[in-house]
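Reading through the structure tokens given below for one structure.
Where a number appears in this text, it was derived from the coordinates with a stated rule and is not lab data. Everything quoted here is computed from the prediction, not taken from an experiment. Here the Cβ is made from the backbone with ideal geometry for all residues, glycine too, and neighbour counts use every protein chain on show.
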Amino acid sequence: MYNSNFVNRIVFGLFVFLLFSSENLNAQIVIGSPNLGFSQACASDTFNTYSTTFVFSPENGLNASNQFSIELSDADGDFSSATVIFTSNPGAVTTSPATLNFSLPTTTAGEGYRIRIKSSAPAATSSGSTTFAAYYKIQDSPFSINNLVSTGVYCSGGSYLLTIDNPGTGSNDSPLNYPNLTYKWYKETGPTTSVFISDGPTLTVSQPGTYFVETNYGTCTSDSFSNRVAISEVTTGNSDAGISSSLGNPFCPANGSTTLTTITGNTYQWFKDGNIIVDATSQMYDTSESGTYAVQVDLGDCMASGEIVLISELFDGSINVSEIETIEEDESLSVVVTTNANNPEFEWYLDNVLIANVSEDNYDATQFGTYKIIVTETSGCVGSREFIFELQEAFDPFPDVDKIPNIISPNGDGINDTWMIPLLYTSGTNTNVMIMTNTGKVVMQTDNYGNNWPENNLNLNSVNQVFYYVITTSDNDTKKGSITVIK
């Protein structure tokens, strides 16, 4: 016969066991396989939000601290090294079905990904979703190969190496800056068709054709592709070597020099307008000038040459005056600028000093000096051109001088270059003017003197040479004296 204490202990133990078992039953949930809200995930820096919906049961089986998380498999659907791509806040999800949003890691690239759902309290894991293609397009813009040169040439029996440019010229967004990316090369088979050739960042070509490469984003469409390059084989003689301009053609010189690039070879020589450019012996040549540029490329067993007519987009302009203009004192010179610049602005300078309150395309110049007009195109190909002219006082062959000079210096400096005498003895006064050497030889005699002696080189054989003059007026008034010519 059992005593009462023993019976009580058995009843208490059964009660504890049943209570513990009941709690364990309430602490278990089942999570269904997640349903995808997409067929493939093609993420980028502008879009990277995807959703999945799942069911779980029972709802009251969740602890208040429970968190749901989403795990992403590897590209083959394996969860052994799964990546957690989303975790909910504690207690945030309490009803079934539930929808969660997530983003893809930037290293995602493959066709066989899956996701699964896990809970933390209680711990439970769903089965994996259906497989889907997923790529994060970390680089999704066109890029260049072959330095944007559209052609390539190899000698018969040789090959040509095509490479993805890094960094390339201009604003090229080279995918080689993103180490996780892979690439697929193609050869065109028609205007809209192509065939896969090889993987990798480079391609060795030994067959003529047109080639290009795309970043490998699988079934996701992408703008990450290269320019086309037409490759040809040289069997005899010269072949065409393409030339590209980094700023395009026409180009805007306000953006700096454009880089001309030709095909890859052993040695190079550049030409402009048919003339050799000294020291221009590299694959690239920088210039900011319009013109016809050519290049000769030594490929080893053969030669190639190319040409490009490079055109600057900078506006045209001109002024209606010569480089040197003359006016009399108190006169003015009307200067007009003609240009096809977009929304032009005009600045006028005299001897490098800005002329205030002058901003039109015309100006009446009255002061002697050097003028500069700066015309700036303010829209489109923004840039400036300068136009310069010099305004001088007009030469007066008959200045009103008081005395007959006895020294001249015919050196071309515009000062005392000729023997200028008072107006009462010059042309129109019927005055006879005679000039002789110191030996009495007459070198000039006229009744119509124009203040223009000496007109020719005197062939001076000494530092200073002395001549003598005799001036006889119509009423026989005579003036005599000497003229010292300073060499």
With contacts defined as alpha carbon pairs under 8 Å and 6 or more residues apart, what's the relative contact order of the chain in percent? 8
Estimated vicinal HN-Hα couplings, Hz - the stretch 471-480 in sequence order (Karplus 6.51, -1.76, 1.60; Gly, Pro = x): 10, 10, 7, 5, 9, 6, 7, 10, 10, 10
Pairwise centroid distance, computed over Cα atoms, of the stretch 347-409 with the stretch 123-192, Å: 59
Taking Cα atoms, how many degrees apart are the long axis of helix 4-26 and the longest axis of the chain, rounded to 10 and kept between 0 and 90? 40
Relative contact order of the stretch 257-322, please, whole-number percent, based on alpha carbon pairs below 8 angstrom and at least 6 residues apart. 31
Just want the answer: with Cβ charges of +1 for Lys and Arg and -1 for Asp and Glu, which residue in LEU423, PRO253, ILE197 is farthest toward the dipole's positive end in the chain? ILE197
Could you give log10 I(q)/I(0) at q = 0.06, 0.07, 0.11, 0.13 Å⁻¹ for the chain, computed by the Debye formula over C-alpha point scatterers of equal weight, without solvent? -0.64, -0.74, -1.04, -1.16
Report ³J(HN,Hα) in whole Hz for each residue of the stretch 254-269, in order, from the Karplus equation J = 6.51 cos²θ - 1.76 cosθ + 1.60 where θ = phi - 60°; Gly and Pro get x. 5, 7, x, 6, 8, 9, 8, 10, 10, 5, 6, x, 8, 9, 9, 8
What are the aspartates and glutamates whose alpha-carbon lies under 16 Å from the alpha-carbon of LYS137, with same-chain residues fewer than 8 places away excluded? ASP45, GLU111, ASP173, GLU214, ASP223
I'd like the antiparallel share, as a percent to the nearest 5, of DSSP beta bridges with both residues in the stretch 30-136. 85
Calculate, in nm to one decimal, what ASP417 and GLU331 gain on full extension: separation in residues at 0.36 nm each, minus their alpha carbon distance. 28.5 nm
Pairs of alpha-carbon atoms within less than 8 angstrom and 6+ residues apart define the contacts here; what relative contact order does the stretch 180-301 have, in percent? 17
Please report, in debye to the nearest 20, how large the charge dipole of the stretch 30-136 is about its Cα centre when each Lys and Arg carries +1 at its beta carbon and each Asp and Glu carries -1 there. 240
Please report the antiparallel percentage of the DSSP beta bridges confined to the chain, to the nearest 5. 85
With each run of n ≥ 4 DSSP H residues scored as -39500 (n - 2.57), what mean residue ellipticity at 222 nm is computed for the chain after dividing by its residue count and rounding to the nearest 500 deg cm²/dmol? -1500 deg cm²/dmol
Quick one: check the C-alpha center-to-center distance for the stretch 65-122 versus the stretch 222-299, whole angstrom. 53
Give the residue from SER103, ILE486, THR182 lying farthest towards the positive end of the charge dipole for the chain; charges sit on Cβ (+1 for Lys and Arg, -1 for Asp and Glu) and the dipole is referred to the Cα centre. SER103
In debye to the nearest 20, the charge dipole size for the stretch 146-234, taken about the Cα centre with +1 at each Lys and Arg Cβ and -1 at each Asp and Glu Cβ, equals 120
Considering the options TYR160, VAL93, ILE138, tell which one lies farthest towards the positive end of the dipole of the chain, charges being +1 on Lys and Arg and -1 on Asp and Glu at the Cβ, about the Cα centre. VAL93
Candidate lysines for bridging to LYS403, where Cα separation is under 30 Å - those fewer than 8 sequence places away on the same chain excluded: LYS441, LYS479, LYS480, LYS487
Taking H placed 1.01 Å from N in the peptide plane, check which residues at least 5 places from LEU72 or on another chain put their amide H under 5 Å from its amide H. THR83, VAL84, ILE85
If every Lys and Arg gets +1 and every Asp and Glu gets -1 at its Cβ, then about the Cα centre the chain yields a dipole, in debye to the nearest 20, of 2920
Net lengthening on full extension, THR192/ASN275 (0.36 nm per residue, minus Cα-Cα): 25.7 nm
